[in-house]
Amino acid sequence: MNAERNALSAVNFAQTAIDSARANSLSDLALRPFTMQFEECEKHGKYPLNTQDERGQERWFAGSCPTCRKQENAARLLANSNIPRRFLDCDFCNYEATTSEQQLVLNRCKEYANDFAKYRETGTCLLLCGRTGTGKNHLATAITRQLLAAGYSVLRIKASEYFDAYWSKAFDERETWLKNMASVDLLIMDEIGRSSNAKSAKDAFFRLLDARYEAQLPNLLATNHNREELIDILGTAAYDRLTERGGVRLTLDWESYRAKKEF
């Protein structure tokens, strides 16, 4: 019994010594004047290496330029989101809106990106319908860039790529793959068109859109087809899931930007 008491006393004494040393160390830090230190980035200028928290303790940042890290992270996210190289520089600022109709569509897309937290919560989808070259990909990319910068996950895929992957997978693999696609904050699918096998295409579309519908996550679809044609392509059940909860359908009904360019 005495041996146990002695052992316990030794442990308590050691802990007291540790606590005292820690307190003295913290006291020394509190008394030591804090000095911010900086490093210089060739591209972005001076940036801090350390800071002081609310308890007066000194905290150190990672050594590299934070702006460079953000840009590198953004570039990596853009690459992972499957945006074609041609559209990587597209954003809201360089979208050409010279008519009231174009400005209206631009404003609605901005609003969708700005208020995405609300649309993600409700699973509200966005449909961009219009002829080839009217700026659907540009606007989809602008939305993607803003959402990625805000920390959301975005995946972009062409309808043909989706079909190829869907039909190439075994049934058990397909289920896991669909669940992964159903988990991103925003799924963007473009080049929605008619398929030579309409029944199989509708079934494949429905499986994906229904998985995201059950997860209550939004989709952005870009297509050259109007409402009636889109219903025929996707099927009524899939289209209804896209337009439920106030789904936004925008029609880009103007001349192709590409057709106006001089070569």
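Miscellaneous remarks
- Residue within segment 90-107 that is hydrophobic (A, V, I, L, M, F, W, C) and modelled with pLDDT under 80 present: yes
- Check on Asp172, of a type outside the set (Phe, Trp, Tyr) and surrounded by 18 or more Cβ atoms within 10 Å (Cβ to Cβ): no
- Which numbered condition Gly135 misses (of (1) touching a Gly at 6+ places or on another chain (Cβ under 8 Å); (2) closer than 24 Å to Leu242 by Cα): (1)
- Any hit, segment 147-159, residues being more than 22 Å from Asp89 (Cα to Cα) and at pLDDT below 90: yes
Table: residues versus (1) outside the structural domain of Leu155 (by TED's automatic domain parsing); (2) modelled with pLDDT under 75; (3) more than 30 Å from Thr141 (Cα to Cα); (4) assigned to a helix (DSSP H, G or I).
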| site | (1), (2), (3), (4) |
| --- | --- |
| Phe34 | yes, no, yes, no |
| Gly63 | yes, yes, yes, no |
| Glu72 | yes, yes, no, yes |
| Arg76 | yes, yes, no, yes |
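- Single residue of Lys179, Lys158 found to be under 18 Å from Cys125 (Cβ atoms) and either surrounded by 16 or more Cβ atoms within 10 Å (Cβ to Cβ) or not small (Gly, Ala, Ser) (or both): Lys158
- Top-ranked residue of segment 204-231 - restricted to ones that are among the charged types (D, E, K, R) and touching a helix residue (DSSP H, G or I) at 6+ places or on another chain (Cβ under 9 Å), ranked as farthest from Arg245 (Cα to Cα): Arg207
- Filter pass, Asn82 being part of a loop (DSSP other than H, G, I, E, B) and modelled with pLDDT under 65: yes
- Of the residues making up segment 94-128, just one is touching a strand residue (DSSP E or B) at 6+ places or on another chain (Cβ under 7 Å) and either over 21 Å from Leu217 (Cβ atoms) or outside the structural domain of Arg249 (by TED's automatic domain parsing) (or both), namely Val105.
- Subset of segment 145-155 (residues that are surrounded by fewer than 17 Cβ atoms within 10 Å (Cβ to Cβ) and under 15 Å from Arg212 (Cα atoms)): Ser153
- Filtered residues of segment 36-52 (kept if of a type in the set (Ser, Thr, Tyr) and at pLDDT 80 or above): Thr51
The values are calculated or read from the model by the stated rules, or taken from the named source; none is laboratory data. Being a predicted model, the structure only gives us computed values, none of them experimental. Counting neighbours? That spans all protein chains shown, and the Cβs are built from the backbone with ideal geometry, glycine included.
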